[in-house]
Amino acid sequence: MTDRVVLAYSGGLDTSAAIPFLAEKTGAEVVAVAVDVGQGGEDLEVIRTRALDCGAVESVVVDAREEFAADFCMPALRADALYMDRYPLLSALSRPLIAKHLAAAAVEFGGTHVAHGCTGKGNDQVRFEASLAALNPSLKVVAPARDYAWTRDKAIAFAAEKGLPIDTTKKSPYSIDQNLWGRAVETGFLEDIWNAPTEDVYSYTADPALPREPDEVVITFESGLPVALDGRRLTPFQIVAELNERAGAQGVGRIDMVEDRLVGIKSREVYEAPGATTLITAHMELENVTVERDLARFKRTVDQRWSELVYDGLWFSPLKRALDAFIDTGQRHVSGDIRMTLHGGRAVVTGRRSEASLYDFNLATYDTGDSFDQSLAKGFVELFSLPSKIASSRDARLG
Ligand code: ARG
């Protein structure tokens, strides 16, 4: 029986030309799998047919938009996930989901190998392969760009030679990855890290400096999950999509950073994540109101580790699962409303209300009605300072 290789297919030039290339190189039949994670663009049926026209024996498209939102973006939101305190992990979130559908297709269509288009310099090869290793360790991996130096130029030449029905004239100077949670842009003139991004880099966000009316939104959360916008109950996908539009129109969520890749390279990436930025800002503030202090402090450490694990491709790992259980426990009371003003590139919280609030007006107030007994503070401060005081006198004695 001929081997079958399941290819992570985007519909673009590189993975389209990779279909006959892989067949030629490996002697295997190619099964193309395209996954919709909210990246927009072409119709899924057009993409499905193109893979067949390029020589795939089977071609499947998976509408995974709600799954991506519910099972990948929402856990990231509950973890307030920002790698290096800034990057909302959009690419890192989609790879384990795509890997899951590749592994499922391998079972369905008898695939022995999986192929992806990542190079050997990036994080995404790690994310695909670490996910696949956890999901189905018997699958072998082929990565044409990495293993056979399959470049864009070769793809164009190969497509012309084989007469493939694909447009080889598209000439974006950037490498772009986009989905519901945001958009990542690199390469081209951005590789000089002194160069400022030009407006043409952006597509999810408008120029924050343009004059416009602010937008106000009320986001309702239940146990750490957003469930409504302005009182309208929506699915996670709908909520992120609407906030991408509304916050994007206000220029919210642009991030320009140099980041530490897992393979050891520092790289420059420009992100835009209007919906994710708005939701994480709102969620963090609702946690400030509803999560007990020590739990909140510890969660920040957990959130950071969670983000690093997911960045590093370890979505399906025991530690990530255990941290999810911790986060889940702590989200029980993260319920209520957050009001925000979206304007001038910022999403600013202006109000919060919650049945589960730990904010006690009578304890906090400086007006009359104060129920806080200030006389208790005197002894507390004295005992709290005692260890430092003793250490300090020891240090003075010994010089
Ligand atoms: N640097 C980001 C990450 O590792 C995005 C990777 C894909 N970026 C791109 N522009 N193609 O998660």
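A prolate overall shape is assigned to the chain, the ratio a/c of its alpha-carbon gyration tensor axes (a ≥ b ≥ c) being 1.5 or greater and a/b exceeding b/c. Within the assembled protein chains, the solvent-accessible surface assigned to Glu108 is about 130 Å², based on a 1.4 Å probe. Working note: Karplus 6.51/-1.76/1.60 with θ = phi - 60° gives the stretch 44-51 the couplings 4, 5, 4, 5, 4, 5, 4, 4 Hz, where Gly and Pro are set to x. Computed from backbone phi with θ = phi - 60° and the Karplus coefficients 6.51, -1.76 and 1.60, the 3J(HN,Hα) list for the stretch 61-72 is 10, 10, 7, 10, 5, 5, 5, 4, 5, 6, 9, 10 Hz; x is used for glycine and proline. Sequence-ordered 3J(HN,Hα) estimates for the stretch 269-278 from the Karplus curve with 6.51, -1.76 and 1.60 and θ = phi - 60° stand at 9, 10, 10, 9, 9, x, x, 4, 4, 5 Hz, glycine and proline given as x. Sorted on the mean count of surrounding Cβ atoms within 10 Å across their residues, most packed first, peptides 118-124, 209-215 read 118-124, 209-215.
Roughly how many percent of the accessible protein surface of the stretch 353-399 is carbon and sulfur, given a 1.4 Å probe and a whole-percent answer? Don't skip to the end; give the middle numbers.
On the way: 2690 of 4460 Å².
About 60 percent, which is the carbon plus sulfur part of the accessible surface.
Overall, the accessible surface of the stretch 266-306 at a probe of 1.4 angstrom is composed of carbon and sulfur to the extent of 52 percent.
Taking the Cα centre of each part, how many Å lie between the stretch 317-362 and the stretch 180-245? Result: 19 Å between the Cα centres. Judged by the mean number of other Cβ atoms found within 10 Å, the most tightly packed of the peptides 149-155, 245-251, 217-223, 166-172 leads the ranking 245-251, 217-223, 149-155, 166-172. Beta bridges assigned by DSSP with both partners in the chain are antiparallel in approximately 70 percent of cases.
Roughly how many debye, to the nearest 20, is the charge dipole of the stretch 249-338 about its Cα centre, given +1 on each Lys and Arg Cβ, -1 on each Asp and Glu Cβ, and no other charges? Each step should come with its number before you reach the end.
Details: 12 positive and 15 negative charges, 44 e Å.
In debye, rounded to 20, the stretch 249-338 gives about 220.
Over the chain, what is the relative contact order in percent, taking alpha-carbon pairs closer than 8 angstrom and at least six residues apart? In percent, rounded to a whole number, it is 17. The charge dipole of the chain, taken about its Cα centre with unit charges on the Cβ of Lys, Arg, Asp and Glu (plus for the first two, minus for the last two), comes to roughly 1040 debye.
When the accessible area of the stretch 143-201 is computed with all protein chains present and a 1.4 Å probe, what percentage of it is carbon and sulfur? The partial results should precede the final answer.
On the way: 1910 of 3450 Å².
About 55 percent, which is the carbon plus sulfur part of the accessible surface.
The Cα trace of the stretch 1-87 gives Rg and Dmax of 16.1, 50 Å, the first to one decimal, the second as a whole number.
Adding -39500 (n - 2.57) for every DSSP H run of four residues or longer, then dividing by how many residues the chain holds, sets the calculated 222 nm ellipticity at -13500 deg cm²/dmol. Over the chain, accessible surface divided per residue gives 49 Å², non-protein components excluded, 1.4 Å probe.
What separates the Cα centres of the stretch 373-393 and the stretch 254-276 is a distance of 44 Å.
The values are calculated or read from the model by the stated rules, or taken from the named source; none is laboratory data. Source: prediction; values computed, not measured. So basically every Cβ, Gly included, is an ideal-geometry build from the backbone, and we count neighbours across all protein chains shown. Ligands, DNA and RNA are excluded from the accessible area calculation, which covers all protein heavy atoms including side chains. Shrake-Rupley method; radii C 1.70, N 1.55, O 1.52, S 1.80 Å.
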